[in-house]
Amino acid sequence: MHFEKPNRELFVGEIISGTFRLYISRFLLFYLPFLVAGLITGILTSALFLSFPLPTQPPPGASPTQVLQWFGSFISALIGLAIFGGIVSWVIGSIATGMVVKSASDVIEKGAGNLQESFTFTMSKLPSLLVASIITGVLILVGILLLVIPGIILLIIFSLVVPAIIIEQKGAFDSLGRSSKLVSNRWLKTFVLLIVIGLIIVAISLITSFVLLPGYVYSAAPPFGNGATFAIGLIISTIVGSFISPILPLAETLLYYSMIARESTMLPPPPPPL
């Protein structure tokens with residue numbers, strides 16, 4: 001299936017349908033980056049938990065001092081593990097997202113994408129991706145904590161930061177302004193698109209989890225349990241997450257090209273020849 005670069009602004013329905021047509025037509029190209037990212041994240045996080053296990057719960061009848069000491073150690077260890085896991089997931093997830101946006105851009109503009117080229121290119125842009133995600137994440141979080149609405153507005157404004165970095169090769173700070181310019185006067189449209197895509201992702205997640213749940217329940221019964229249960233749960237969550245994760249960056253990429261087409265129609269015509 002051939003995808004042409006949009007020559008006009010697309011409607012929300014066209015972006016959504018185009019997202020799934022693009023995904024289905026190059027399924028492995030977009031699925032594999034998130035599958036590998038999920039497996040690497042799971043393996044590293046599991047290895048950390050095994051290397052630094054949580055403190056053992058004190059026996060019944062332990063003194064209040066022992067319980068408090070255990071609780072403090074438990075919370076400290078849990079926070080440390082959560083921070084490490086979050087950093088690993090953030091970095092590897094940023095790489096996978098960048099690869100999907102790059103691959104989608106190549107398919108739209110060149111007719112084909114290459115995972116190795118997408119990985120190499122995304123790694124060269126990783127510092128910008130990470131810095132931009134920190135800035136946007138902090139601003140959106142502050143906006144949500146204040147009155148919720150400012151956070152939603154900032155989420156809309158910064159929705160095209162990754163395509164600006166990957167496709168236009170903007171720096172971390174320039175990508176913020178570029179994203180804001182692209183979605184200007186299209187806040188409601190962008191918001192509706194993000195809401196619909198979010199609802200679709202939730203629906204697919206619930207359906208796939210329900211389908212895969214029996215396998216997880218079966219693994220929890222003898223002679224499995226414990227280690228096998230954890231491994232099966234990790235595999236299931238990775239499969240589901242990897243299946244869903246490309247949807248949003250693909251939709252953002254198509255929204256980017258839609259806004260580029262709108263921008264080109266707003267440019268003044270070239271001067272007549274002398």
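Readers should treat all values here as calculations from the given coordinates under stated rules, not as data from a laboratory. Predicted, not measured: the structure shown is a model, and the values here were computed from it. FYI the Cβ positions are ideal-geometry reconstructions off the backbone, even for glycines, and counts take in every protein chain you see.
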Report task. Taking the Cβ of each residue in Asp174, Asp106 as the centre, tally the other Cβ atoms inside 10 Å and list the residues starting with the fewest. Result -> Asp174, Asp106
Query - Separation of alpha-carbon centers, the stretch 12-83 and the stretch 170-187, rounded to whole Å - result: 31 Å
Requested in this report: Could you tally the net charge around Leu250, taking each other residue with its Cβ under 12 Å from the Cβ of Leu250, Lys/Arg +1 and Asp/Glu -1?
Outcome: +2
Query raised in the report: About the Cα centre of the chain, what is the dipole size in debye to 20, counting +1 per Lys and Arg Cβ and -1 per Asp and Glu Cβ, all else neutral?
Result: 220 debye
Query - Sequence-distant lysines (8 or more away, or on other chains) whose Cα lies within less than 23 Å of Lys181 - result: Lys5, Lys102, Lys125, Lys170, Lys189
Report task. Take the Cβ-Cβ distance between Trp90 and Val192 as r, set R0 to 22 Å, and report the resulting FRET efficiency rounded to the nearest 0.05. Result -> 0.20
Report task. Could you tell me what fraction of 2.2 N^0.38 Å the Cα radius of gyration of the stretch 12-265 comes to, as a two-decimal ratio? Result -> 1.17
Requested in this report: Have a look at Ile75, Ile239, Ile15 and tell me which one the Gaussian network model of the chain (Cα, springs below 10 Å) gives the largest fluctuation.
Outcome: Ile75
**Report entry** Listed residues Leu50, Leu154, Leu188, most fluctuating in the chain (Gaussian network, C-alpha, under 10 Å)
**Finding:** Leu50
Report summary line: Scoring the chain by relative contact order with C-alpha pairs under 8 Å, at least six apart, yields a percentage of 30 percent
Query raised in the report: What's the exposure ranking of Tyr31, Tyr257, going from fewest to most Cβ atoms within 10 Å?
Result: Tyr31, Tyr257
Query raised in the report: Rounded if a/c is under 1.5, else prolate if a/b beats b/c, else oblate: with a ≥ b ≥ c from the C-alpha gyration tensor eigenvalues square-rooted, which is the stretch 67-189?
Result: oblate
Requested in this report: Would you grab the residues whose amide H sits under 5 Å from the one on Leu160? Only those 5+ places off in sequence or on another chain, please, with H modelled 1.01 Å from N.
Outcome: none
Report summary line: Cβ density ranking, 10 Å radius, fewest first, applied to Tyr23, Tyr256 yields Tyr23, Tyr256
